[in-house]
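Heads up, the thing below is written out as structure tokens.
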Amino acid sequence: MADASVRPATPGDADELARIQAAVWARVHDGALPADVLEAVGSPEAAERWRVAIAEPPSSRHRVLTALAGDRVVGFAALAPASDPDTIPTLDGELLALCVDPPDSGAGHGSRLVNAVADLAREDGVHHLHAWLAAAEQDLRAFLVGAGWDDDGATRSLDLRGDGAVVVEQARLRTALVEL
């Protein structure tokens, strides 16, 4: 079995994060999103945004983790305080991204990332994690539901370009980290 682990991302991981996210989005959203949107996810500008998110997070509760197979980055997760109006930022966290390189999916990297995110969130006193998913993200939805997440009934429209031209409808999943 290959050496598999999770660690905090470093700025040097940014190019791989952008590449992995582009590969996942191409697989999941091909035909549903315009080609330029899919290309932008893996662009040098996207890698720079990941580099800044890792090197200069807005708070100590904004984190990016990488999954490794040996020393090779094969996935990542991003965690932040929840910002929806019906959440409490000190008690609710948001899984902003969970991506595993398609050739490496099914090897437990997603589970390791979700568990590491949950552990960090618990350390921060977070009681619930949330994740927004588009209809096309059926595999991720099935994975999270299988890990104990549930649809909480919240929906939103995410405007990817900010001009109303590319809008993705999303539903929110939620999981409890502590028993209340």
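Every read-out reported here was derived from the displayed coordinates using simple, explicitly stated rules and does not represent laboratory data. This structure is a prediction, so every number in the text was calculated from the model and none was measured. A quick note on method: Cβ atoms are made from the backbone with ideal geometry, for glycine too, and the neighbour counts reach across all protein chains shown.
Once backbone amide H atoms are built at 1.01 Å from N, Leu96 has Ala78, Leu79, Ala80 as its partners under 5 Å, excluding neighbours fewer than 5 places away on the same chain. Of the trypsin sites (Lys or Arg not before Pro) found in the range 140-179, those that fall in a DSSP loop while having at most 13 other beta-carbon atoms within 10 Å are Arg161. Which residues in the range 1-35 place their backbone N less than 18 Å from a point set 7 Å from the Cα of Glu56 along the Cα-to-Cβ direction? Counting only backbone N, you get 10-15. Considering only His62, His29, Val41, the residue lying farthest towards the positive end of the dipole of the range 4-129 is His62, judged by Cα position with unit charges set on Cβ. The equivalent ellipsoid that matches the C-alpha gyration tensor of the range 4-129 spans semi-axes of 23, 17, 15 angstrom, in descending order. Taking the centroid of alpha carbons for each part, the range 108-177 and the range 5-60 are 17 Å apart. Comparing Ser111, Ser59, Ser83 in a Gaussian network model of the chain, where Cα atoms under 10 Å apart are tied by springs, the biggest mean-square fluctuation is seen for Ser59.
Our helix-only sum for the chain, with -39,500 (n - 2.57) per DSSP H run of n ≥ 4 divided by its residues, gives a mean residue ellipticity at 222 nm of -10000 deg cm²/dmol.
If you run the Gaussian network model on the chain, springs between alpha carbon atoms under 10 Å, then out of Gly162, Gly148, Gly31 the most flexible one is Gly162. Only Cα sites of the range 21-81 enter the Debye sum here, all with the same form factor; the resulting log10 I(q)/I(0) across q = 0.15, 0.18, 0.26 1/Å is -0.56, -0.78, -1.11, listed in q order. Looking at the chain alone, DSSP beta bridges between its own residues are antiparallel in about 90 percent of cases. Count Lys and Arg as plus one, Asp and Glu as minus one, and take only other residues whose Cβ is under 11 Å from that of Ser60; the net charge is then 0.
Contact order for the chain, expressed relative to its length and based on alpha carbon pairs under 8 Å spaced 6+ residues apart, stands at 19 percent.
You can think of it this way: the chain between Asp119 and Arg156 has 10.6 nm of extra reach, that is 0.36 nm per residue less the Cα-Cα gap. The length gained on full extension between Val145 and Leu91, counted as 0.36 nm times the residue separation minus their Cα-Cα distance, comes to 17.3 nm.
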